[in-house]
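Report on the structure given below.
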Amino acid sequence: MKGLKMKKIAYLASAVLAGLGFSTAAKADVAASGSFGATIIEGSATTTEFMTGGGVSFAMSTTTAGGMTVSASGGITLDSNDGSNTKGVSGLDSVSFGVDGFSLKMGEMALSGAGAGEVGFVASAHVDEGGYTNTGIATGVAQTEGYGFVASTTVGGASVSLSYMADYANAHVNSASTSAGDTGTGISVTLPVGAMSLNLGYANITGTTAETSSGGSVSMALGGGTAKVGYASTDETTDSTATSVAYSGSLDADTTYALGYTTGEQGANSSQQLEAKITRSLGGGVSVFADFQNHGGAGTPGTNMALGTSVAF
C-alpha cells in the first residue's frame, strides 16, 4: 500500500508539472526563494503603525543550443514596504533574452534613465508611510513603468540601457498596443572616469502626460565608503530641480549604513530631505534595520522613523 501511495503521488506531481508547462526532459532551471519583513513605523499619520509582508519568488531560465539565455520570473506577494491588504501574483509579465553580453527584455519594464541623478533617497519605502512629507522635491517623470522593451549591453567600459515603453497606462499586463499613445523612451549610461563612475540618464513620456527628465551622478570611493553627488531636472507642468548627496559604508562585516540629503525646488516650493539607514545582519538570512527620514521646508515638516527585520529564505 505504501508503495502504491508513493506512485500515485509521483503521478500526480508529474501531471501538475506537465499542466504548468514544465517537463523533466527540458534543460531548464527553476529556482525558488522567499522573503518576509516586519516593521514598526512612527510619524504623523498614526501614533504607531505595524506592517508585515513577504513573498515567494520563482526564477526560471534555460539556454538554447546556440547559447542564448531565456529567463522569466514570478511570485506570490504581500507588499512589506507599503500599506496594502492585497495578496497577489507578481511577475510573469516579462521575458528576457540574453546572448554575448546583450540582453533584451520584453513586457513589464522600468523606463531607462528615469530617476537619474537622484542619489539621496537611501532609506527604505517604510518611512514614506510615516505621514510627514515634502513639497518641492521632484522624482522625475510621472510614469516610469509600463509595457515595452529594454535593450542593455556594454560598449567599451560603459554600460548602456535603451528602452521604449509602448503603453505606460497598462502596467503589469501581458499586452500593449502602440496605438494607445501613452509612450515613453529612455536611456541610461554608466561609465568609468578615472577613479570615479559617472551615470547619465534621460527619460521622456508623451500622450496623456508629457514630461521629460534628465540627470546625472558621480560616485567614488572615499574614506572606506562610497560617496555620490547627483543632479536632476524635470520639464513638467511646473518645472523642478533636485540636488543630492549620499555616503554609504560598513561599520563591520555585518553592519552597513547609508546617509543621504536632497534639496529640491518646484515652482515656489522648496524642500530638504535627510535620510539615514543602518542594517545589521544576524546570519541565516535574517537582518534588522533602522530608517530615519526628516522633511524640511514646504509640505508637512517632521521626522518619520521605522524599525524592522527582513528575512531571506
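For first residues located in segment 287-313 and in contact (Cβ under 8 Å) with a residue 24 or more places away in the chain, partners that are surrounded by fewer than 19 Cβ atoms within 10 Å (Cβ to Cβ) and not in a strand (DSSP E or B) and lie 6+ apart or on another chain with Cβ distances below 6 Å form the pairs 295/301; 298/135; 299/135; 302/44; 311/285; 312/285. Restricting attention to segment 257-279, the residues that are farther than 18 Å from residue 125 by Cα and either touching a helix residue (DSSP H, G or I) at 6+ places or on another chain (Cβ under 8 Å) or part of a strand (DSSP E or B) (or both) add up to 7.
Restricting segment 58-104 to residues that are among the aliphatic types (A, V, I, L, M) and assigned to a loop (DSSP other than H, G, I, E, B) leaves a set whose member that is nearest to residue 311 (Cα to Cα) is 92.
Residues are listed down the side, and each one gets a yes or a no for (1) surrounded by fewer than 18 Cβ atoms within 10 Å (Cβ to Cβ); (2) aliphatic (A, V, I, L, M); (3) within 18 Å of residue 135 (Cα to Cα):
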residue: 225; (1), (2), (3): yes, no, no
residue: 238; (1), (2), (3): yes, no, yes
residue: 245; (1), (2), (3): yes, yes, no
residue: 251; (1), (2), (3): yes, yes, no
residue: 277; (1), (2), (3): no, no, no
residue: 290; (1), (2), (3): yes, yes, no
residue: 293; (1), (2), (3): no, no, yes
residue: 303; (1), (2), (3): yes, no, yes
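Filtered by the rule that a residue be out of contact with any helix residue (DSSP H, G or I) (no Cβ under 8 Å at 6 or more places or on another chain), free of Cβ contacts under 8 Å to residues at least 40 places away in the same chain, of a type in the set (Gly, Ala, Ser) and not in a strand (DSSP E or B), segment 158-191 gives 175, 176, 177, 179, 180, 181. If you filter segment 155-191 down to residues that are over 20 Å from the mean Cα position of the chain (by Cα) and of a type outside the set (Gly, Ala, Ser), you find that the one that is nearest to residue 218 (Cα to Cα) is 191.
When residue 308 is tested against (1) within 30 Å of residue 75 (Cα to Cα); (2) surrounded by fewer than 15 Cβ atoms within 10 Å (Cβ to Cβ), only condition (2) is not met.
Laboratory data are not the source of any read-out in this text; all were calculated from the coordinates shown. Worth saying up front: this structure is predicted, and the values here are computed from it rather than measured. Don't worry about glycine lacking a Cβ; one is built from the backbone with ideal geometry, like all the others, and counts go over all protein chains shown.
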